[in-house]
Structures are given as C-alpha cells and as structure tokens.
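Data first, discussion second: the structure below is written as structure tokens.
The values are calculated or read from the model by the stated rules, or taken from the named source; none is laboratory data. Note that the structure is a prediction, hence the values are computed from the model and not measured. Here the Cβ is made from the backbone with ideal geometry for all residues, glycine too, and neighbour counts use every protein chain on show. Quick note on the areas: whole protein, heavy atoms, side chains included, nothing else; ligands and nucleic acids left out. Shrake-Rupley method; radii C 1.70, N 1.55, O 1.52, S 1.80 Å.
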Amino acid sequence: MEPREERASGFRKETVNKILHLHFRDDKTKISSDALLLMAEMLKVFVRAAARGARQAQAEDLDRVDIEHVEKVLPQLLLDF
C-alpha cells in the first residue's frame, strides 16, 4: 500500500502529473506537491459526479448522460463533503 502522499485521493501522483503535463506547452514546467494533491482531489470529485450522473441516467432508462443528470445529483454530491 502506498503512503497517503503518494496515493492522493485515489489517484497516484505520477498519474496526475502525467495528465497535467499533457496540457503544458513547456516540458520543463514543474508542479508542486500541493498542486498535485489539489488536482487529484478535483479529479476525484469530477469522477464521482460523472459516475453518479451515469447512475441517474440508468435509473431513467437512458443510454446517454446529459448535464441534467449531473445537475440532479449535485446536492447529493455536496453532502459528501
């Protein structure tokens, strides 16, 4: 099991770092440890919202997730924090 710092919010630091570097123009750009932790937390929230939106769409017997499905689960998502 990896330490808490290494496995930030369910995402490995290396994974978050690589995702962020995909969008940087300068390969020499560095990301602080705190920024990686914050971004990992944001990814966790985004993934949770998307998954709940998908479940909401399934509950409505739809194959496609729209913004309305995510909007319906936002109050529940806010209660998680």
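Work through the residues other than Gln58 whose Cβ is under 12 Å from its Cβ and net out their charges, Lys, Arg +1 and Asp, Glu -1.
Working: positive: Arg52, Arg55, Arg64; negative: Glu60, Asp61, Asp63.
The answer is 0.
Run the count for the chain, please: Lys pairs, Cα-Cα under 17 angstrom, 8 or more apart or on different chains. Walk me through the intermediate numbers first.
Numbers: Lys13/Lys30; Lys13/Lys44; Lys18/Lys28; Lys18/Lys30; Lys18/Lys44.
Close lysine pairs under the 17 Å cut-off: 5.
For region 35-81, which whole-number percentage of the solvent-accessible area (1.4 Å probe, protein heavy atoms only) is attributable to carbon and sulfur atoms?
Numbers: 2090 of 3410 Å².
Carbon and sulfur atoms account for 61 percent of the accessible area of region 35-81.
Counting other Cβ atoms within 10 Å, which trypsin sites (Lys or Arg not before Pro) in region 33-81 have at most 13 and lie in a DSSP loop?
When the trypsin sites (Lys or Arg not before Pro) of region 33-81 are filtered for loop state and at most 13 Cβ neighbours within 10 Å, Arg64 remain.
Along each of the three principal axes of the Cα atoms of the chain, give the extent in whole Å, ordering the values from largest to smallest.
46, 30, 21
Which of the GluC sites (Glu not before Pro) found in region 23-81 are loop residues per DSSP with 12 or fewer other Cβ atoms within 10 Å of their Cβ? Provide the component values of the computation, followed by the final result.
On the way: sites: Glu41, Glu60, Glu68, Glu71; in loops: Glu60.
Here the GluC sites (Glu not before Pro) that fit, given the DSSP loop and packing criteria, are Glu60.
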